[in-house]
Amino acid sequence: MNVADQSVLLRHPTTNLRPAVERHLWQLAATELPPRLLELAASLHVTVQRVSVRNQRSRWGSCSRSGTISLNWRLIQTPDYVRDYICVHELMHRREMNHSARYWQHVAEAFPRWEEAERWLKANNGLLR
């Protein structure tokens, strides 16, 4: 579809823009989230094998035992500190593959604003899904 066709579609009152907006946000997330996660990983001395951006319905991110971290594309809509928190949350699973007290201690040391970020996610979760 060329630019002129897109322009006509955008002006049409019954056009559903959601798919186009989601595609754009997903592309933006795929461009911005992996480099930021890798930057945080380097600063925290954590190794990562692979980073992917996915359409996770019920998670903001995940970390596999093999070192693959997946991030939800919807994170691109959150404030930077919330994105960083999710990245750090997943990176700390490279140290502890659980949510034990020791795991949360790692998170708190690496990201002191984690509780603020959790509150933001709980308050705004519905807007991002």
Task: Between 0 and 90°, nearest 10: helix 18-44 axis offset from the chain longest Cα axis - done: 20
- [ ] Return the long-range amide H neighbours of residue 54 (sequence gap of 5 or more, or a different chain), with a cut-off of under 5 Å between placed amide H atoms.
- [x] 71, 72, 73
TODO: Quote the charge dipole size of the chain about the Cα centre in Debye, to the nearest 20; the model charges only the Cβ of Lys and Arg (+1) and of Asp and Glu (-1).
DONE: 420
- [ ] Set the Förster distance to 41 Å, then compute FRET efficiency between residue 23 and residue 103 from the Cβ-Cβ distance, nearest 0.05.
- [x] 0.70
Task: Karplus-derived HN-Hα couplings along region 118-125 (A = 6.51, B = -1.76, C = 1.60, θ = phi - 60°), whole Hz, x at Gly and Pro - done: 4, 4, 4, 4, 5, 6, 10, 3
TODO: Run the numbers on region 3-128 and let me know its relative contact order in percent, using alpha-carbon pairs under 8 Å that are six or more apart.
DONE: 20
Open item on the list: Output the 0 to 90 degree angle, nearest 10, between the alpha-carbon long axis of helix 80-92 and the longest principal axis computed from the alpha carbons of the chain.
Closed with: 50
Task: Degrees, to the nearest 10: 101-110 long Cα axis against longest axis of the chain - done: 70
Open item on the list: If I model a spin label at residue 39 and residue 54 as a point 7 Å from the Cα along the Cα→Cβ vector, what separation in nanometres do I get?
Closed with: 2.5
Open item on the list: Taking θ = phi - 60°, what integer Hz values does the Karplus form 6.51 cos²θ - 1.76 cosθ + 1.60 yield along region 50-64, in sequence order, with x for Gly and Pro?
Closed with: 7, 10, 10, 10, 10, 9, 7, 7, 10, 10, 8, x, 7, 9, 8
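Where a number appears in this text, it was derived from the coordinates with a stated rule and is not lab data. From a predicted model like this one, the values you see are computed outputs, not experimental measurements. No Cβ is skipped: glycine too gets one built from the backbone with ideal geometry, and neighbour counts run over all protein chains shown.
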